[in-house]
1. Roughly how many Å² of residue A:78 are accessible to a 1.4 Å probe, to the nearest 10?
2. For region B:55-66, just list the computed ³J(HN,Hα) in residue order, Karplus coefficients 6.51, -1.76 and 1.60, θ = phi - 60°, integers in Hz, with x standing in for Gly and Pro.
3. Just to confirm the filter: which trypsin sites (Lys or Arg not before Pro) across region B:35-70 are DSSP coil and have at most 15 other Cβ within 10 angstrom of their Cβ?
4. In µm²/s, what is D for region B:22-117 at 20 °C and 1.002 mPa s, where D = kT/(6 pi eta Rh) by Stokes-Einstein and Rh is the Kirkwood radius from Cα pairs?
5. Along the principal axes of its C-alpha atoms, what lengths does chain B span, in descending order and rounded to whole Å?
6. With contacts defined as alpha carbon pairs under 8 Å and 6 or more residues apart, what's the relative contact order of chain B in percent?
7. Can you list the copy-to-copy distances for residue B:166, using a point 7 angstrom from Cα toward Cβ, in nanometres, shortest first?
8. Need one number: nm distance between label points at residue B:130 and residue A:20, each 7 Å from Cα along Cα→Cβ, rounded to one decimal.
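The values are calculated or read from the model by the stated rules, or taken from the named source; none is laboratory data. Please read these numbers as outputs of a predicted model, since none were measured by experiment. Every residue, glycine among them, receives a Cβ derived from its backbone with ideal geometry; neighbour counts consider all protein chains shown. Calculation scope for accessible area: heavy atoms of the full protein, side chains included, ligands and nucleic acids excluded. Shrake-Rupley method; radii C 1.70, N 1.55, O 1.52, S 1.80 Å.
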2 protein chains.
Amino acid sequence: MTDPNQPPAAARPTRAQQRRRTESRILGAARQLFAERGYDRTTIRAVAAAAGVDAGLVMHYFRSKDELFAHAAKLPPDDFPTGAPQEVAEALLASLGKRLAAEPVASLAVLRSMLTHSEAAAGFREAAGQRLEQMQSVIPAADAELRAGLVSAIITGVIIERYLVRVGRLADAPPESIIDLLRPCFQALTGAPTPPTSSP
Amino acid sequence: MTDPNQPPAAARPTRAQQRRRTESRILGAARQLFAERGYDRTTIRAVAAAAGVDAGLVMHYFRSKDELFAHAAKLPPDDFPTGAPQEVAEALLASLGKRLAAEPVASLAVLRSMLTHSEAAAGFREAAGQRLEQMQSVIPAADAELRAGLVSAIITGVIIERYLVRVGRLADAPPESIIDLLRPCFQALTGAPTPPTSSP
DNA sequence: TCGTTCAATCAACGTCTGTTCAACGAAGGG
DNA sequence: CCCTTCGTTGAACAGACGTTGATTGAACGA
């Protein structure tokens, strides 16, 4: 039945396969725990237990807790759509819509840990910096940098209150309603160079 | 010169005075450290050292680290101005302006710790809940709860990126420019019941 | 088949943490 | 004046943490 030269890999996994398998199990457990409890409250023993291995093995694969976090919380490259200058707002809203539907766990791990772990903060600043540069280049205003920072702050605040602190209606509101309410905000921040100031 | 019945309290402090003095010194040090490092990374020994006392004394005054945090991070009652329904946005902007000029340390302590310490998260939810109720009562819209939550999320995001993560221009931008850029956002969120949807 | 490699385990170390307890010394009251 | 009260200290404990080293047993190459 089975070809001895090419075993179907389901009977008995090769050594490299087994290694990659447990390594990814460890990474998955670490991501989950870092996202739920943050860096400090996540112990290597807990990660090992969740992955079904010994704590020493985690140290053998990733040489320290910091390095484990760096691998587990590596953010996927942001798919920021550099649309036409006028449609930046809509592109940003679409991007936010994806994150509101299901925020990736690695991103939550970084967000949860960035206030207490310096490397997580650095990772967040780097990811935010990339988005800021891309936004600045398409926002036609002298204070583009500040405007981009405000958009980033809004996104961060919404995701934190929705996934990490779970306050009020934000936690379970459908993404479309949030996007619809945020649309005029993003349009104003990415749009006219000097918005009309309506103070008496 | 000095009335022996009412010593000027500068010569030799009475026992109760001394107690209140060191107690407030401990609270101040705790606030500062909780705001800078968060709950987990702040040790009782570090608080005691910063206050110039022994660690055992901190435990004697506040019976546990949790209780110390509860006292140090007690938020001042929010002075939310319940203005006329049309001027809610401006009142919110003014309130944000104060916090952008100098955010109180106790508030930063709660914000820094709320992602990893459950009691800090509860304190944040309580403070946010009060603001949400007050905002809902003056926002004329069916989805007032979600709108209020978004305003809260924006404020939280801006303050976190300004004081806690320090990303981009947000960290050092003058409060007025931030408020000016955020004005159309707050007006849209607190204003028209159904903002015009500009999707093709 | 034999020796090597390597995934995986186990026990232990040193350190840091929150917390406790006995003790001291000066202020307060009678 | 003495005895009590109480702010304050120092040492110590038990637990949890990141990290290390020796060890085992099965897969691997020759």
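1. The accessible area comes out at roughly 60 Å².
2. 5, x, 5, 4, 5, 6, 6, 9, 6, 8, 5, 4
3. B:63
4. So the translational diffusion coefficient is about 147 µm²/s.
5. 77, 42, 31
6. Contact order relative to length: 21 percent.
7. Listed shortest first, these distances are 3.3 nm.
8. 5.6
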